[in-house]
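The values are calculated or read from the model by the stated rules, or taken from the named source; none is laboratory data. Computed from a prediction, not measured in an experiment: that's the story for all the values here. Counting neighbours? That spans all protein chains shown, and the Cβs are built from the backbone with ideal geometry, glycine included. The accessibility values were calculated without ligands, DNA or RNA, using every heavy atom of the protein model including side chains. Shrake-Rupley method; radii C 1.70, N 1.55, O 1.52, S 1.80 Å.
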Amino acid sequence: MQEANLAGVTIVAESKYGELVPVGGGDVIPLTKKSLLVGRRESCDIVLRFANVSAHHCQLTINGGYWYVRDLKSLNGIKVNDTPTTEKRLSPGDRLSIAKHRFQINYVPQDLGAVGPPPPPAGA
């Protein structure tokens, strides 16, 4: 289990690379490697079996110790902290919406190789 205190908020992650916690309940999704394909298709690293999730919906990637999300031209898009985006850095505790499905991402940047202050956010 990993734990960090960022801006007075304690973030706990059970997996080596962190986890996605469904907002409102459900099974925690461990982030098991540095690049993860998310979508409805069974060949994806993270499979979300919902009709409003595209076959290949988005890509999660670690860069410089931080998770980034990139939309893969999905039909229903992604949001970070309720703001639509096509690409964005995810800070620990951010809310990621994949179609209408909301998750909180928990991880410890230092455990993933981050040093110094966070880089400027990517994307809009």
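Within the stretch 19-76, the residues that satisfy the criterion of being farther than 27 Å from Pro118 by Cα and of a type in the set (A, V, I, L, M, F, W, C) are Cys44, Val47, Leu48, Phe50, Ala51, Val53, Ala55, Leu75. The set of residues from the stretch 23-34 being open to solvent by 50 Å² or more (accessible area, probe 1.4 Å) and in contact (Cβ under 8 Å) with a residue 24 or more places away in the chain comprises Val23, Gly24, Lys34. Applying the criterion of being on the phi < 0 side of the Ramachandran plot and in a loop (DSSP other than H, G, I, E, B) to the residues of the stretch 109-122, the residue that is most open to solvent (accessible area, probe 1.4 Å) is Val115. If you go through the stretch 71-124 and keep only what is closer than 15 Å to Cys58 by Cα and of a type in the set (Asp, Glu), you end up with Asp71, Glu87.
Can you name every one of the strands (runs of 3 or more DSSP E) wholly within the stretch 38-108 that holds 3 or more residues which are of a type in the set (A, V, I, L, M, F, W, C) and open to solvent by less than 50 Å² (accessible area, probe 1.4 Å)? So that I can check it myself, show each step before the final result.
On the way: elements: 58-63, 66-71, 78-80, 83-85, 87-90, 95-98, 101-106.
In the stretch 38-108, the matching strands (runs of 3 or more DSSP E) lie at 58-63.
To keep it simple, each residue is scored yes or no on (1) touching a strand residue (DSSP E or B) at 6+ places or on another chain (Cβ under 6 Å); (2) not aromatic (Phe, Trp, Tyr).
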| residue | (1), (2) |
| --- | --- |
| Trp67 | yes, no |
| Leu75 | no, yes |
| Lys88 | yes, yes |
| Ile105 | yes, yes |
| Pro118 | no, yes |
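Residues in the stretch 11-22 that are in contact with an Asp or Glu (Cβ under 6 Å, 6 or more places away or on another chain) and either farther than 18 Å from Gly93 by Cβ or surrounded by fewer than 17 Cβ atoms within 10 Å (Cβ to Cβ) (or both): 1 in all.
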